[in-house]
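The values are calculated or read from the model by the stated rules, or taken from the named source; none is laboratory data. All values reported here derive from a predicted model rather than from experimental measurement. With ideal geometry, Cβ positions are generated from the backbone for all residues, glycine too; neighbour counts draw on all protein chains shown. Ligands, DNA and RNA are stripped out before the accessible areas are found, and what is left, the full protein with its side chains, is counted by its heavy atoms. Shrake-Rupley method; radii C 1.70, N 1.55, O 1.52, S 1.80 Å.
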Amino acid sequence: MPIKVKSVSIAQKLLKKVGAVTPFPKSQLPYPLNQSLFGELNLEALRHQAKNNDGAGFEDELPLLLAIAEAVEASQPDKEEFFIPDRELRARLLRLNSTDGWALVWGAEDEKTNELATRLQQEHLQVYTVLADDNNAPSPLKTNKQFKFLGSRPTSSIYFYQALVRYAHIYGRIPLGEAHEAIEFIQEYGPGVMFLTREKLTPLEKALFLGGLDLSIPAVVPSSFTLPQGAVLRADNPQAMVNEALSLGNLRLRRRLRFQVNIPYNFDVAFTAEEIKEGPSIGGTALSSFVVTNIDKGDGVEIKGEPGADVGIEIAVGDPRVDITMTDYLEEFATRLINYIDGVSATVKEGCPIIRWRPDLPLQMAELGQTYYDGLKAHFRIDHLKVRLVFSSELLGKMKTEAESFRERRKQVIAAATEETEPFFYACTRCHAHALEHVCIITPERPPQCGPSSRTWMHVKTRAILSDFDSVNLGVRQSGSDLQAVIKKGRYLNTENCEWEGVNAAAELFTEGRTKRVFLHSIFDHPHTACSCFKGIAYYIKEVDGIGLMHQAYEGTTPDGKGWDDLANAASGKQSSGYAPFAREYLSSSKFLQGDGGWPRVVWMTQELKTKFAPEKNWIATETDVKNLPELTRFLNARRGCGCE
């Protein structure tokens, strides 16, 4: 299907469809394609270029067509339904930690398109669809929440292109208007690929498909489809198309090797959310207990006594590398394993386990023990692992007392841990696939910026020492690269800015030289880099020479008019002086912003954060105290004048 049309004739027709243009909502780049390609949206300039370049060839004017197509969509009343706001974009980039890329399917309401989209989703790709106009008839391809439907207009593909160019500018630091640099970034690091399942495209659709290729987005197309340029692979059935795409180097492919447990039931992370409300159960009684210890008691699975409601579960890890702090995460992970069994749910509350299963499931206690054993052995390189399920009443009381004593001692050790007492620091590279300047440096006093709902410093420490297994998707990276790593601290280079020799070496190694220095507890010069999942951000307010703190869910603005997207985009995926990400728990650290003067340097924070972490710090303003910079200045002068610091 050769393309013979001229782009400018299409451009002039397309300009007639541009109505009243308004910015795309909730984005720091309200016209991403125009700003990327030309620095700004200038409709008069686009009209002038379309008129004066009449007769130009297709390949030379693709940027013009993309810019006009974006203007068309910017004038549509339903654009908010399809546009991906900055916050959602960061979430979709974050999902690249557990998915292998973004797939745009140019299709129709047919079996082939549906099969392709389903297969792509099964292969851990995030699926976006642009479907042929069919009078807005509903279909699974539009309503399935697993897919992101971008519309049926000929210009709908621009929403996918917008996401990729914003990735280049926000995470790649590419200046607006530097189209060549942005395209090179997309070519090397972009997670996108296009698929074409219908051969009959309108001239405009052909032009915009070529526009995607011109942005360096590779494509898989039918063998009969002839294209004059771009990275193109050819295949004719859905499975072959998927196989071709999985060979592309630009996708963040981390193919996973699933582990198996030796039980006769379905076992998968997909069953985690299954809630079993009725059926047989063990635990939940006063004598029941659950603990993971770092005591060597041999290897294997042991069941003692006849199963009943009371149960003591002890998992003893015999490995000299495993200290008491690491058992905290191993305990949490072991509980999670039982929930991967189809028809079984498990919780542990304050050391008391409750395991329930469907009445039709003939679950044996030895199978539960084997699940703990196989799952932990598959994920962690452990020397000895002893799993004991005890039902004997004469043993349960002692087990519970010992478990409670161990857990209390562990709690005290974790609370007392500091950067001085911990022999190593730790690195997490889960987000590096999309945040190229970023590696998360983790210490007892600088927890992971994604917060404890995702991981703790004990979590990262355990995986760094024992395993590089992908804890989210039950599989290892095909490359074998560590997701977490141990950092030798080295010399303390600068106590004022909290700079360590080993941290600098690790940052340079894991970012391929993009980041060479990191100040662990400062927002200036070489602050900690950011990913996409940070729960809060600290930033410099120059006008009052102070620091502001905002949490992720905050919907308002700072005294100097910045919202969450403004701050997050300034920090995401890179190292930006004057900005540093944090987990909320970092606000309780004894080294909180130590390099910048700590809490006395903070002048503004959201009320929610202040209520929880700094209620007694009266010199810090919140949104309830001030609305703008003049009010903040007066507030600070008054508080400092009365000695409230």
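Below are the figures for this structure:
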read-out: The lone exception for K562 - which of (1) closer than 23 Å to F424 by Cβ; (2) out of contact with any strand residue (DSSP E or B) (no Cβ under 7 Å at 6 or more places or on another chain) it fails; value: (1)
read-out: Top-ranked residue of the stretch 378-422 - restricted to ones that are part of a loop (DSSP other than H, G, I, E, B) and without any contact (Cβ under 8 Å) to a residue 60 or more places away in the chain, ranked as surrounded by the fewest Cβ atoms within 10 Å (Cβ to Cβ); value: T421
read-out: Residue count for the stretch 388-412, restricted to those that are of a type in the set (V, I, T) and either under 17 Å from E350 (Cα atoms) or under 30 Å from the mean Cα position of the chain (by Cα) (or both); value: 1
read-out: Residue count for the stretch 608-628, restricted to those that are free of Cβ contacts under 8 Å to residues at least 40 places away in the same chain, part of a helix (DSSP H, G or I) and either surrounded by 15 or more Cβ atoms within 10 Å (Cβ to Cβ) or touching a Pro at 6+ places or on another chain (Cβ under 6 Å) (or both); value: 2
read-out: Residue in the stretch 266-279 that is modelled with pLDDT of 90 or more and over 30 Å from Q122 (Cα atoms) present; value: yes
read-out: Sole exception among (1) assigned to a loop (DSSP other than H, G, I, E, B); (2) within 34 Å of the chain's Cα centre (by Cα); (3) among the charged types (D, E, K, R) for D360, by number; value: (2)
read-out: Number of the condition not met by E302 [criteria: (1) part of a loop (DSSP other than H, G, I, E, B); (2) touching a residue at least 24 places away in the same chain (Cβ under 8 Å); (3) touching a helix residue (DSSP H, G or I) at 6+ places or on another chain (Cβ under 9 Å)]; value: (1)
read-out: Strands (runs of 3 or more DSSP E) contained in the stretch 158-264 and holding at least 1 residues more than 30 Å from L337 (Cα to Cα), open to solvent by 30 Å² or more (accessible area, probe 1.4 Å) and modelled with pLDDT under 90; value: 232-234
read-out: Those residues of the stretch 52-97 which are in contact with a Lys or Arg (Cβ under 9 Å, 6 or more places away or on another chain), at pLDDT 90 or above and open to solvent by 50 Å² or more (accessible area, probe 1.4 Å), in sequence order; value: E80, R87, E88
read-out: Checking K142 against (1) in contact (Cβ under 8 Å) with a residue 24 or more places away in the chain; (2) surrounded by 16 or more Cβ atoms within 10 Å (Cβ to Cβ), the condition it does not meet; value: (1)
read-out: Only listed residue being surrounded by fewer than 16 Cβ atoms within 10 Å (Cβ to Cβ), over 35 Å from the mean Cα position of the chain (by Cα) and not hydroxyl-bearing (S, T, Y), chosen from G300, G305; value: G300
read-out: G369 being modelled with pLDDT under 95, in contact with a Leu (Cβ under 7 Å, 6 or more places away or on another chain), not in a loop (DSSP other than H, G, I, E, B) and not hydrophobic (A, V, I, L, M, F, W, C); value: no
read-out: Residue within the stretch 518-538 that is polar (S, T, N, Q), without any contact (Cβ under 8 Å) to a residue 40 or more places away in the chain and crowded, with 16+ Cβ neighbours inside 10 Å present; value: no
read-out: The stretch 427-436, subset out of contact with any strand residue (DSSP E or B) (no Cβ under 9 Å at 6 or more places or on another chain) and assigned to a loop (DSSP other than H, G, I, E, B), residue modelled with the highest pLDDT; value: L436
read-out: Test: residue in the stretch 108-124 that is in a loop (DSSP other than H, G, I, E, B), in contact with a helix residue (DSSP H, G or I) (Cβ under 9 Å, 6 or more places away or on another chain) and open to solvent by 30 Å² or more (accessible area, probe 1.4 Å); value: yes
read-out: Test: A505 is open to solvent by 40 Å² or more (accessible area, probe 1.4 Å), among the small types (G, A, S) and without any contact (Cβ under 8 Å) to a residue 60 or more places away in the chain; value: yes
read-out: Hits in the stretch 547-605 - residues which are assigned to a strand (DSSP E or B), more than 23 Å from the chain's Cα centre (by Cα) and small (G, A, S); value: G548
read-out: Residue match in the stretch 596-607 (condition: among the hydroxyl-bearing types (S, T, Y), touching a residue at least 24 places away in the same chain (Cβ under 8 Å) and in contact with a Gly (Cβ under 7 Å, 6 or more places away or on another chain)); value: no
read-out: Residues of the stretch 588-602 satisfying the condition of being surrounded by fewer than 20 Cβ atoms within 10 Å (Cβ to Cβ) and on the phi > 0 side of the Ramachandran plot; value: G597, G598
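Condition check ((1) closer than 25 Å to K398 by Cα; (2) among the acidic types (D, E); (3) surrounded by 20 or more Cβ atoms within 10 Å (Cβ to Cβ); (4) free of Cβ contacts under 8 Å to residues at least 60 places away in the same chain) across all residues:
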| position | (1), (2), (3), (4) |
| --- | --- |
| A316 | yes, no, no, no |
| D319 | yes, yes, no, no |
| M326 | yes, no, yes, no |
| R336 | no, no, no, no |
| E350 | yes, yes, no, yes |
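For (1) closer than 22 Å to H551 by Cα; (2) modelled with pLDDT under 95, each residue gets a yes or a no:
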position: T606; (1), (2): yes, no
position: F613; (1), (2): yes, no
position: N618; (1), (2): yes, yes
position: E623; (1), (2): yes, no
position: N637; (1), (2): no, yes
position: C642; (1), (2): no, yes
